[in-house]
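**Student:** Before I ask anything, let me first share the structure, which is written out below as structure tokens.
The values are calculated or read from the model by the stated rules, or taken from the named source; none is laboratory data. Because the structure is predicted, anything quoted here is derived from the model rather than measured. Note that each Cβ is placed from the backbone with ideal geometry, even for glycine, and that neighbours are counted across all protein chains shown. We work out accessible area using only protein heavy atoms, side chains counted, and drop any ligands, DNA or RNA first. Shrake-Rupley method; radii C 1.70, N 1.55, O 1.52, S 1.80 Å.
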Amino acid sequence: MSTAPTTQIQLPLEPEAGRRKLSTAKAMVEAIAQQMHTDEKVFVMGEDVGAYGGIFSSTTGLLDEFGPERVIDTPISETAFIGLGIGAAVEGMRPVVELMFADFFGVCMDQIYNHMAKIHYESGGNVRVPMVLMSAAGGGYSDGAQHSQCLWGTFAHLPGMKVVVPSNPYDAKGLMTAAIRSDDPVIYLFHKGIMGLGWMKKNPRSIGAVPTDAYEVPIGKARVAREGKDVSIVTLSLSVHHSLDVAEKLASEGIDVEVIDLRTVVPLDREAIVASVGKTRRLVVVDEDYQSFGLSGEVIATAAEALPGGLKHVSRVAVPDVPIPYARDLEYSVLPTPARIEAAVRQAVAG
Amino acid sequence: MTVQSALSATDRLNLLRMMVLIRTFEEAILREYHADKSPGFDIGAGLVPGEMHLAAGQEPVAAGIGAHLSLGDAMTATHRPHHLAIAHGVDMRKMAAEIFGRETGLGRGRGGHMHLFDPEVHFSCSGIVAEGLPPALGQALAFQRAGTDKVAVAVAGEGAANSGAFHESLNLAALWKLPVVFVIEDNDWGISVPRSASTSVPSNAVRAASYGIPGTRVEDNAVEDIWAAVGEAVRRARAGEGPSLIEVHTLRLWGHFEGDAQGYRGDLEGVPGRDPIPTYQKHLTDAGILDDGAFTEMGAAASATVEEAIAFAKSSPLPDPADALKYVFTEGAQS
Ligand SMILES: Cc1ncc(C[n+]2csc(CCOP(=O)(O)OP(=O)(O)O)c2C)c(N)n1
């Protein structure tokens, strides 16, 4: 059995969160603004990122602060402007490009996976593409099959791009700072349900403490969101909050749930997964992406490879390979709801 | 407004009647959408959750197209589809039921307002900008191969005309002389981005020249001019002369979607004065073919139809959550 190495490589220390609270959206914007101040090569581009401030408030206020040369509204020409971002990055600029919804990647996927993601490799490491492609993911508000997908598994399956998925304001800022500073292309997926938007049902944890200064949350490092010894929930994004709620509820019954927030899909913190499952021996993966051929299978494979014969329970709570339905009751019957997570945890400890 | 001699008084009244019916429907959806979203607007709450893109102001485009199409002709629309669906003859009750997420809806509550499919009248739409255009080519190809004179009309916004799918579709339709009519609704805005910041030419009609097909721009949201331009394009398509592109300078009377505060919009003050319905009402009144009584009657008839559809939708059953996995594949198949 392998467990987490006892001597961890010391990563840059994340600062204490402090007391100042921000919404996830504001935390993201603050990270972008700080990097724009320190590095004139950083610019923001996408549909409605200017006067509108981003449909999900990911760029609010940036136009006023930095002007239209650095905060650029684009036509609805995703292939062209994402490709343009790549070219600008190749020449040393550091674009933060927004694709409004992750669901729209289909119209520009060639630029993303054959170009943005492969240029560094194809050039034998000689050409860098220091670009951030940010996009909104996730459902839960009846926006239908073309506007509610997560799709991080799809991006993650294709080599060459880092994929980060914050679950809270602190991570949102730290991961955005790390993404902008990274010399690799980074896909930054934010779930609409964690942004803290006034016009969407708010998750209470979508507003949280965020340090004022710039800091990085290292890409590729998971977080133990809650320690526990009976069962590990490995998850990310909005599902972290559902999982924490379930864990708190079950604690009163003596079920001790550990919640791992992956924070990054690529690179995946396999050590953190193995360390947690090695301890609890029971694994529930919660993923708002489609179930088959994706992140949930990868997490389980990671645990199974590292702990042969050592697992007492494995299951997953994901979207059961169906397009996200429009009608609310249908949608909530396929999303990884707290009820479904709770049922899975109960089953895990029953066995 | 140019008067088209080919339009009879009845035709003209029908254009207005269609515009009134559409507006009545959109106003009813607006009312129902906001009815239970307070206190504090929550996009996911209420009887009609999710994004809602309404087409108030764009009725002339739908009425002008619909007048030339008959059963068997196809239409593909956008994320802002209701006006086009109504003018194309999509069943209003089933459409309303879909918007309310009911089992009786066009898509049994699975699709929602941006994803309306009515095979009876060959209607579809897409929430992905410009991606409704290419399927119209295939429908046109099928009509051509079957030896019919049916046409496909593909509608998109001026924002969509900057995407690859638009240009690829025009080229292919022109190359294969497909019976397609492309209609661009230029409402000046792609969400918050004005056309001046998105489009390199003053009119998308000129882009038709790149593909060797006729391009026409209709100014002023003028329903009779739209009717005339679409009539010529449909005639060409039916006669086997290939596709055409029409751009209409229309009007987005309300926000991009409901809840849009439109802080970016500098033209709002003049917008109500450009409402095409009172404009056309006055036009027909001045021409002596409409009086206030007849207009009121039109409104009452529209209300009756719309309210019946809304009532049908509201009283229809919700889909059973246990059936959420149905319809991924045809019967019996599973992933
Ligand atoms: C490929 C794609 N990119 C972006 C969007 C987000 N989006 C939805 S509507 C819209 C504006 C569309 O403008 P236009 O084509 O002019 O149509 P209008 O909304 O004005 O009717 C945008 C950017 C989308 N749905 N699909």
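**Student:** Of A:A172, A:H147, A:Y113, which is farthest towards the positive pole of chain A's charge dipole, taken about the Cα centre with +1 and -1 on the beta-carbons of Lys, Arg and Asp, Glu respectively?
**Tutor:** Looking along the dipole axis, the top candidate is A:A172.
**Student:** Let me ask you something else. Among A:S252, A:S243, A:S292, determine the one that fluctuates most according to a GNM of chain A built with springs between C-alpha atoms less than 10 Å apart.
**Tutor:** A:S252
**Student:** Report Rg (one decimal) and Dmax (nearest whole number) for the stretch A:112-213, counting Cα atoms only, units Å.
**Tutor:** Radius of gyration, then largest Cα-Cα span, for the stretch A:112-213: 15.3, 47 Å.
**Student:** Still on this structure, I have one more. For the stretch A:223-266, what does the relative contact order come out to in percent, with C-alpha contacts under 8 Å and a separation of six or more?
**Tutor:** So the answer I get is 58 percent.
**Student:** In nm, to one decimal, how far is the A:D321 label point from the A:D183 one, both placed 7 Å along Cα→Cβ?
**Tutor:** Spacing of the two 7 Å Cα→Cβ label points: 4.2 nm.
**Student:** Treating only the Cβ atoms of Lys and Arg (+1) and Asp and Glu (-1) as charged, compute the dipole magnitude of the stretch B:6-316 about its Cα centre; round to the nearest 20 debye.
**Tutor:** 820 debye
**Student:** Does the stretch A:228-351 come out rounded, prolate or oblate by the C-alpha gyration tensor, with a ≥ b ≥ c the root eigenvalues, rounded set by a/c under 1.5 and, if not, prolate when a/b is larger than b/c and oblate if not?
**Tutor:** Cα axes put the stretch A:228-351 in the oblate bin.
**Student:** Using Cα pairs under 8 angstrom and six or more residues apart, how large is the relative contact order of the stretch B:1-121, in percent? It would help to have the intermediate numbers written out before the result.
**Tutor:** Details: 133 pairs, mean separation 23.9, N = 121.
Reported as a whole number, the value is 20 percent.
**Student:** Run the simple label-point estimate for B:K282 and A:T212 please: 7 Å along Cα→C-beta, distance reported in nm.
**Tutor:** Each label point lies 7 Å from its Cα, and together they span 5.8 nm.
**Student:** So, one more: Taking 0.36 nm per residue of sequence separation and subtracting the Cα-Cα distance, how much length would be gained by fully extending the chain between A:M109 and A:K312, in nm to one decimal? Mind dumping the intermediate values first?
**Tutor:** Values: separation 203, 0.36 × 203 = 73.08 nm, distance 3.98 nm.
Extra length from A:M109 to A:K312 when fully extended: 69.1 nm.
**Student:** Given charges of +1 on the Cβ of Lys and Arg and -1 on the Cβ of Asp and Glu, with all other atoms neutral, how large is the dipole of the protein assembly as shown about its Cα centre, in debye to the nearest 20?
**Tutor:** Once rounded to the nearest 20, the dipole reads 1440 debye.
**Student:** Taking 0.36 nm per residue of sequence separation and subtracting the Cα-Cα distance, how much length would be gained by fully extending the chain between A:T79 and A:R19, in nm to one decimal?
**Tutor:** Computed gain between A:T79 and A:R19 is 17.4 nm.
**Student:** Related question: Any chance you could run the full-extension gain for B:V201 through B:L30? It's 0.36 nm times the residue separation minus the Cα-Cα distance, nm to one decimal.
**Tutor:** Extra length from B:V201 to B:L30 when fully extended: 58.2 nm.
**Student:** Then there's this: Once ligands and nucleic acids are excluded and a 1.4 Å probe is used, how much of A:T79 is accessible, expressed in Å² to the nearest 10?
**Tutor:** 70 Å²
**Student:** Can you give me the solvent accessible area of A:K41 with a 1.4 Å probe, rounded to the nearest 10 Å²?
**Tutor:** Accessible area, nearest 10 Å²: 100 Å².
**Student:** In addition: Could you tell me which of B:V20, B:V90, B:T305 has its Cα farthest along the dipole of the stretch B:6-316 towards the positive end, charges placed at Cβ (Lys, Arg +1; Asp, Glu -1), taken about the Cα centre?
**Tutor:** In the stretch B:6-316, that residue is B:V90.
**Student:** Please average, across the residues of A:327-338, the number of beta carbons from any other chain that are within 10 Å of each residue's own beta carbon, and give a whole number.
**Tutor:** Numbers: counts 18, 11, 8, 14, 9, 2, 7, 3, 1, 0, 0, 0.
Mean shielding count: 6.
**Student:** Averaging sequence separations of C-alpha pairs under 8 Å and six or more residues apart, then dividing by the length of the stretch B:6-316, give the relative contact order as a whole percent.
**Tutor:** Details: 597 pairs, mean separation 70.7, N = 311.
23 percent.
**Student:** So, one more: For B:W176, what accessible area in Å² do you get when you roll a 1.4 Å probe over the heavy atoms of the protein chains, rounding to the nearest 10?
**Tutor:** Per-residue accessible area (B:W176): approximately 130 Å².
**Student:** Which FRET efficiency value, to the nearest 0.05, do you get for B:S38 and A:M93 by plugging their Cβ-Cβ distance into 1/(1 + (r/R0)^6) with R0 = 56 Å? Please report the intermediate quantities before stating the final value.
**Tutor:** On the way: r = 45 Å, r/R0 = 0.80.
Between B:S38 and A:M93 the formula returns 0.80.
**Student:** Using label points projected 7 Å from each Cα along Cα→Cβ, tell me how many nm separate B:A9 and A:D39, to one decimal.
**Tutor:** Output for this residue pair reads 7.3 nm.
**Student:** Enter the mean number of other protein chain beta carbons within 10 Å of the beta carbon of each residue in B:41-54, as an integer.
**Tutor:** 5
**Student:** Can you pull the three principal axis extents for the Cα set of the stretch B:1-138, in Å, largest first?
**Tutor:** Here the spans come out as 52, 34, 26 Å, largest first.
**Student:** Another one. Putting +1 on Lys and Arg Cβ atoms and -1 on Asp and Glu Cβ atoms, find which of B:G46, A:V319, A:I300 reaches farthest to the positive end of the dipole of the protein assembly as shown.
**Tutor:** Among B:G46, A:V319, A:I300, the one farthest towards the positive end of the dipole of the protein assembly as shown is A:I300.
**Student:** Rounded to the nearest 20 Debye, what is the dipole magnitude of chain A about its Cα centre when Lys and Arg each give +1 and Asp and Glu each give -1 at the C-beta?
**Tutor:** The calculated dipole for chain A is roughly 940 debye.
**Student:** Just the number, please: Stokes-Einstein D of the stretch B:6-316 in µm²/s, Kirkwood Rh from C-alpha pairs, 10 °C, 1.306 mPa s. Walk me through the numbers on the way to the answer.
**Tutor:** On the way: Rh = 19.6 Å.
Estimated via Stokes-Einstein, D reaches 81 µm²/s.
**Student:** Order B:S124, A:S167, most accessible first, counting only protein heavy atoms with a 1.4 angstrom probe.
**Tutor:** The most accessible residue leads, giving B:S124, A:S167.
**Student:** State in Å² the accessible area per residue of the stretch B:6-316; use a 1.4 Å probe, count heavy atoms of protein chains only, and round to the nearest integer.
**Tutor:** Details: 10850 Å² over 311 residues.
So the stretch B:6-316 comes to 35 Å² accessible per residue, rounded to a whole number.
**Student:** Kindly provide the pair-distance distribution of the protein assembly as shown built from C-alpha pairs, with 10 Å bins from 0 and whole-percent values in order of increasing distance.
**Tutor:** Result returned by the calculation: 3, 15, 24, 25, 18, 10, 5, 1, 0, 0.
**Student:** Here's another thing I want to ask about it. Taking only DSSP H segments of four or more residues, each worth -39500 (n - 2.57), what value at 222 nm results for chain A once the sum is divided by all its residues, to the nearest 500 deg cm²/dmol?
**Tutor:** Values: 11 runs with 113 residues, N = 351.
The helix contribution divided over chain A gives -9500 deg cm²/dmol.
**Student:** Ok, one more. Determine the principal axes of the Cα atoms in chain A, then give the extent along each, sorted from largest to smallest and rounded to whole angstroms.
**Tutor:** On the principal axes, chain A reaches 59, 45, 41 Å in Cα extent.
**Student:** At R0 = 56 Å, how high is the FRET efficiency between B:D323 and A:S123 if r is their beta carbon distance? Nearest 0.05 is fine. Write out the running numbers ahead of the final one.
**Tutor:** Numbers: r = 51 Å, r/R0 = 0.90.
That gives a FRET efficiency of 0.65.
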